[in-house]
Structures are given as structure tokens and as C-alpha cells.
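Reviewing the structure listed below.
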Amino acid sequence: MKRLTFLIVFIFLGNMLFAQKMMTRTGQIKFEASVPSFDPVAAVNNSVSAILDESNGEIAVLALVKAFKFKIPLMEEHFNENYMESSQYPKATFKGRITNFDASKLSSSQKYDLEGDLTIHGVTKKIKTKISLISKEGKVYVSNNLIVKAQDFNIKIPSVVKSKVAEDVSINLDLILDEK
Amino acid sequence: MNKKIILIILIIVVAIGVIAFGSYNYIMHGGARNLTTEKTNFTVSSAFITSEFLGDIEAANKKYLEKAVAIKGKITALKGKEVILDGTVICSFNNQDLSIKKDQIVTVKGRVVGYDDLMGELKLDQCFIIKN
């Protein structure tokens with residue numbers, strides 16, 4: 001009986017130690033689809049949610065499309081109504097795995113391979129990219145840069161503004177993950 | 001005669017200037033919402049609105065997204081411009097409100113940004129306190 005209790009306590013402790021979920025709700029995503037010499041087409045979202053499971057490297061990221069802020073309110077309106085159709089597709093998500101993840105190596109900044117499903121505008125695509133991770137003072141700092149094509153996600157750019165909006169959209173992700 | 005022509009030219013120049021300034025202003029700043037003057041579309045409790053999003057997210061999105069909503073709840077966390085009601089409604093304020101405290105019951109008005117099903121939280125922005 002004593003051994004059983006010990007075993008249960010041990011398993012429980014083990015879970016606490018290794019199945020650490022790190023999360024944030026104030027992550028940042030910036031994107032830019034600017035064309036030189038025209039108004040910058042850029043926005044930032046400072047309320048991105050993310051969860052990283054340190055036991056297996058699984059990561060999930062969610063951004064609400066309506067939380068993207070532009071400098072120009074009309075641009076924000078067009079982004080929501082005409083391009084992202086955010087009332088129909090309110091969120092953009094990523095679910096995937098850091099393939100060569102090793103929680104014990106987090107103390108120095110390193111690039112890892114990230115694979116998973118990116119869903120924007122209701123269209124899901126498999127992506128492969130690099131992600132940087134470093135652990136400092138109990139927090140995990142995550143950063144990634146990704147280039148996506150608007151047409152891959154069925155986002156149509158009207159021909160009138162085609163010269164002012166880049167087809168390649170650069171997305172920057174910055175997360176500071178913490179235990180909840 | 002000459003004076004008349006100069007006057008007409010002057011009027012045209014001023015008119016063009018006003019139109020140009022007006023359209024520049026509209027393009028750069030137009031379309032922004034001001035929730036403090038907007039009518040509140042729904043007045044609900046935090047438990048009620050989150051249960052609607054949990055029950056049928058599509059219907060709740062149709063009903064609430066972008067709407068000005070007043071939500072009543074207890075402040076469970078408070079950090080800078082971020083105020084959390086009952087652990088499930090995340091309100092981001094335009095300006096930090098120093099008059100509110102943790103555990104206080106308040107009514108917050110804001111724009112519904114969407115439901116975050118990763119964290120199980122409803123997010124609002126442009127928030128401010130209407131009753132405490």
C-alpha cells in the first residue's frame with residue numbers, strides 16, 4: 001500500500017515536472033504587405049494566445065483577426081470586410097509540432113523546425129518553418145518569421161489596389177510564454 | 001473685372017484646398033469608431049455571454065462580433081490596460097482605469113473582438129467602465 005502511494009505521488013510529481021504547459025494571451029503578431037513608396041500596409045495584434053507543451057513540443061497559436069490594429073482606420077475596415085472577411089472567419093490559427101524539440105536545451109537560443117497547419121481566412125495549409133526558442137528566468141521566448149502568399153489562403157486583392165499591396169505577406173510572431 | 005477674376009481663382013483654390021484636406025483627413029483618420037458615443041447593443045452578464053459562445057459559436061459570432069456590448073462581472077485579474085472578468089472575459093482598455101480594484105463587480109462596455117477557443121476566453125477591446 002505504501003509503495004502504491006509512493007508510486008502515485010511519484011507519477012503525479014513527474015507529470016507536474018515534465019508535462020509543463022507554457023502559455024500566453026498577450027503574444028504579438030505583426031504583418032506587413034507593403035510596397036515601396038506607397039502607404040505601409042501593416043498591422044499588429046498584441047493579444048495573441050499560445051500554448052506550448054514542453055513535454056512533446058506541440059504548439060498552438062490563435063489570433064483574432066479583428067484584434068489587428070492598423071495606423072489607418074479605413075485600411076483596418078477594408079482588411080476586415082474585404083480581405084479577411086473577419087465576421088465569417090474571426091480567427092487565424094496554427095497547430096503543430098516543433099519536430100526536434102528538446103526542453104533541456106532551451107537555455108541557449110536555438111532554431112528548431114516547426115511543422116503544422118496554418119489556418120487563415122478559413123483555408124488550412126501545411127507549413128514548414130523555423131522557430132527560435134530561448135528560456136530565460138522561467139519564461140520561454142519564441143520568435144518566428146514567415147512569408148505567406150495571400151492567394152494561398154484565397155484572399156483576393158482587387159486589381160485596383162494590386163500595385164499597393166504586396167502578394168507576399170511577411171508575418172512576425174513574438175511570444176513570451178509563462179506558466180499560468 | 002480684374003478683381004472679380006482674382007476672387008474667383010481665390011475661391012477655387014480655397015475650395016480645392018478644403019476638399020483635399022477633407023479627403024486626406026477621411027482617408028487617414030475616417031472610419032474609426034467611438035464606443036463612448038455609440039449605443040450599447042447588448043447588456044449581459046459574463047456567464048451568459050460566454051455560455052452563448054460555448055453553446056453555438058457560429059450563432060454567437062453572428063450575434064455579437066463587432067457589437068458594442070456591456071458586460072457585468074467580477075474583476076478576477078487586473079494588469080495595466082487588461083482587465084479580466086470572472087476569468088473568462090478579457091477586456092483591453094483604451095486607457096488604464098485606476099479607480100477599479102480586484103474583486104470589484106463592474107460593468108464594462110467594449111467591442112466584441114471574438115472568442116478565443118484555445119484559452120476559452122472572450123475578448124473585447126476599446127473597453128471602459130460604465131458602472132461600478
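What follows is calculated from the coordinates using simple rules that are stated; it is not laboratory data. Everything numeric here is computed off the predicted structure, so don't read it as measured data. FYI the Cβ positions are ideal-geometry reconstructions off the backbone, even for glycines, and counts take in every protein chain you see.
Checking the cross-link pairs A:LYS30/B:LYS131; A:LYS71/B:LYS109; A:LYS71/A:LYS162; A:LYS30/A:LYS162 against a 25 Å limit on the alpha carbon distance flags A:LYS30/B:LYS131 as lying beyond it. For chain A, the Cα gyration tensor yields ellipsoid semi-axes of 38, 16, 14 Å (square root of five times each eigenvalue, largest first, whole Å). Neighbours of B:MET28, meaning other residues whose beta-carbon lies under 14 angstrom from its beta-carbon, give a summed charge of -2 when Lys and Arg score +1 and Asp and Glu score -1.
For A:THR26, neighbours were defined as the other residues whose beta-carbon sits under 15 Å from its Cβ, and their charges (Lys and Arg +1, Asp and Glu -1) total +1. With the largest listed first and rounded to whole Å, the semi-axes of the equivalent ellipsoid of chain B from the Cα gyration tensor are 46, 17, 11. Applying a DSSP loop filter and a limit of 14 other Cβ atoms within 10 Å to the GluC sites (Glu not before Pro) in the stretch B:1-96 leaves B:GLU38.
Remark on the protein assembly as shown: Rg and Dmax equal 24.0, 114 Å (Cα only). Where Lys and Arg each count +1 and Asp and Glu each count -1, what net charge lies around A:GLU58 among other residues with Cβ under 9 Å from its Cβ? Once positives and negatives cancel, what remains is +1.
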